[in-house]
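Okay, handing you the structure first.
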Amino acid sequence: MSATVRQPALLRDRLASATRNEGFRLISVLERTVDLRTLRWDLERGKLLPLHPLLIHQGCKVPQLTPAEALQLWEVLVQVEPSVAEQHSLPHFIADARGCGPSNSAVEEQRALARDEFCTWQRQLVACVEGLSTASSAELLSRLERLARTAQPGLMSAGPGTWSLSSLELLQLLKELKASDLIPCICFHRSEDHLEQLLLAISERLEENEQLKLQESREERRWTRDQRKAAWQARLAHLKDLLAQAEENARARRTQQAQRKRSDKDEEGPAAQASASTEAPPPLREAKGGPSSLRVDGEPEVRARRAAVEAMGSEPPEEQQEESDFHFVAERPRHVYGVEIDMLLKYAEAGLKELGSKGKGMRWTQIHVAALRRGIAMHLVEEGCDGLNFAVQLLFRIGHVRVILAGEALGCGVNLPCRACVILDPEIQGAMLTQMAGRAGRRGLDLMGATVFVHDLATLRGMHTNVKGDA
């Protein structure tokens, strides 16, 4: 509650006086419902790498740790202070998973209590680390920093205080977030002009990439079409051979059944033979045309083979363009909320056109509309944009918009949770950083949220210097 209300005690007193209930108490929630991990974008390698929160929260309260972060801290503590680490041994469910303890059915029965037990253990571990001596604490941080530098060589590289990702670098980061299943996400920056420049460049880059894909050389498209046609013809010929073989096998079975019936009648006696001689020889079609004239369309195997041949069609299918690299829109929301998405897009586009006619310009409108259809939007702070922003937020909650570029207004004033938050501006510090990072992790939808940073370690420590309380 302290992350949302600046003075929770004052709010409690006002609520108590309003309800006239002397027994009114303030309820404090110490842990997040959804764990929040810290990641850093390694631009040189193009990867998202984990970063231990203890490295960037020096001199302030350490936030709640994820299981992986708590386990790494305990392993380093074993090397620095073995006697202290023994007093805070691993919980049984972590020990069993790492092969450090026996595995039995009791672990499965107590799985519901695992989270509470882990939260208690990690609080005790953090309190133990905060109570270490200065020398031990410095050694602990040094080992953690050494592990981080080994995994991320560019972690300690210093940059200017106002450095931020370019549009191409941000697009690369967004694609990695999409590949890592870390979207929907919100990218925060305090400068609205910088966000508009990023949106402009990203939208143009995606459009250029799509046009280059569509404008492939005629020879390459023809070669691809010929290869696909040859593969289709070979597949069709193979299916026809299987159909002919299935028909031949069915006719052979029919012929054997007819011969078996005739042999059974021959064994019935002279009377049966005399009566059979007066009848027409069975069957006439087989006597005239042979076994190949038998109709076997009703046989299950023949029907299945014929359906496979008919499914191939008379011509090879058209090539399907892969468009997932040119947008961030998910497929499922369109199937479930198609009508609602079209209505919201129509309303949002009308609002963007109105803003463009008031001074933003036609080019500005076209860029925002194109980006919106590709699943990228920007939270606007101009007066009269409440309805437009609300439509974008609904599209974000539905799943059509999966990337939002926003500033302080969305970070501190609107309840819009996501799966990951990307902090682009080193000027985002203190309570503002706590608010924005706390957006990550949707209760009931995500097992774990993520806060992604893009700066070096020294800059990150400066951003977290004034952070107080839990995220």
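For the list (1) out of contact with any Lys or Arg (no Cβ under 9 Å at 6 or more places or on another chain); (2) surrounded by 11 or more Cβ atoms within 10 Å (Cβ to Cβ), I need the number of the one condition that Leu206 fails.
Just one mismatch for Leu206, condition (1).
Follow-up question, since we're still on this one. Check region 362-381 and report whether any residue there is loosely packed, with under 14 Cβ neighbours inside 10 Å and under 28 Å from Ala179 (Cα atoms).
No, the conditions are met nowhere in region 362-381.
Would you check which residues across region 51-103 are surrounded by fewer than 18 Cβ atoms within 10 Å (Cβ to Cβ), at pLDDT below 85 and either touching a Gly at 6+ places or on another chain (Cβ under 6 Å) or small (Gly, Ala, Ser) (or both) and list them?
Listed by number, the residues that qualify are Gly59, Ser89, Ala95, Ala97, Gly99, Gly101, Ser103.
If a residue must be modelled with pLDDT of 65 or more and surrounded by 13 or more Cβ atoms within 10 Å (Cβ to Cβ), how many such residues does region 14-30 contain?
1
Is there any pair linking a residue in region 378-399 that is in the same structural domain as Asn415 (by the TED database) to one that is of a type in the set (Lys, Arg) and crowded, with 16+ Cβ neighbours inside 10 Å, with Cβ under 9 Å and at least six apart or on different chains, and which?
Close Cβ pairs (under 9 Å, with a partner that is of a type in the set (Lys, Arg) and crowded, with 16+ Cβ neighbours inside 10 Å) amount to Glu382/Lys360; Phe396/Arg402.
Mind listing whichever residues of region 296-352 are among the β-branched types (Val, Ile, Thr), part of a helix (DSSP H, G or I) and modelled with pLDDT of 85 or more?
Across region 296-352, the qualifying residues are Val336, Val339, Ile341.
Additional query: Which of the residues belonging to region 155-180 are at pLDDT below 90 and in a loop (DSSP other than H, G, I, E, B)?
Hits for region 155-180 are Ser157, Ala158, Gly159, Pro160, Gly161, Thr162, Trp163, Ser164, Leu165, Ser166.
If you don't mind, there's one more thing I want to ask. Checking the condition outside any strand (DSSP E or B), hydrophobic (A, V, I, L, M, F, W, C), open to solvent by 40 Å² or more (accessible area, probe 1.4 Å) and under 14 Å from Cys185 (Cβ atoms), which residue from Leu416, Leu394, Leu445 passes?
Every option except Leu445 fails the conditions.
Any chance you could count how many residues in region 181-202 are polar (S, T, N, Q) and either at pLDDT 95 or above or in contact with a strand residue (DSSP E or B) (Cβ under 6 Å, 6 or more places away or on another chain) (or both)? Can you show your working first?
Of region 181-202, the ones polar (S, T, N, Q) are 191, 197.
Still in the list and also either at pLDDT 95 or above or in contact with a strand residue (DSSP E or B) (Cβ under 6 Å, 6 or more places away or on another chain) (or both): none.
The qualifying residues number 0.
Val401 is checked against (1) part of a loop (DSSP other than H, G, I, E, B); (2) at pLDDT below 90; (3) open to solvent by less than 10 Å² (accessible area, probe 1.4 Å) and fails just one. What number does that condition carry?
Every listed condition holds for Val401 apart from (2).
Restricted to region 181-196, and to residues that are under 25 Å from Leu447 (Cα atoms) and either assigned to a strand (DSSP E or B) or out of contact with any Phe, Trp or Tyr (no Cβ under 7 Å at 6 or more places or on another chain) (or both), which residue is most open to solvent (accessible area, probe 1.4 Å)?
That would be Asp181.
A further question on this structure: Being part of a helix (DSSP H, G or I) and touching a Leu at 6+ places or on another chain (Cβ under 9 Å) is the filter here; which residues of region 122-135 pass it?
If the condition is that a residue be part of a helix (DSSP H, G or I) and touching a Leu at 6+ places or on another chain (Cβ under 9 Å), then Gln122, Arg123, Leu125, Val126, Cys128, Val129 are the ones that fit.
Here's another thing I want to ask about it. Given the criterion among the basic types (Lys, Arg) and at pLDDT 85 or above, identify the matching residue among Arg115, Arg143, Arg149.
Details: Arg115 fails: at pLDDT 85 or above; Arg149 fails: at pLDDT 85 or above.
So the residue among Arg115, Arg143, Arg149 that is among the basic types (Lys, Arg) and at pLDDT 85 or above is Arg143.
Ile428: in contact (Cβ under 8 Å) with a residue 12 or more places away in the chain, more than 20 Å from Tyr337 (Cβ to Cβ) and assigned by the TED database to the domain that holds Glu354, yes or no?
yes
The values are calculated or read from the model by the stated rules, or taken from the named source; none is laboratory data. Not measured: the values here are computed from a predicted model. We place every Cβ from the backbone using ideal geometry, glycine too, and count neighbours over all the protein chains shown. In case anyone asks, the SASA skips ligands and DNA or RNA and just uses the protein heavy atoms, side chains included. Shrake-Rupley method; radii C 1.70, N 1.55, O 1.52, S 1.80 Å.
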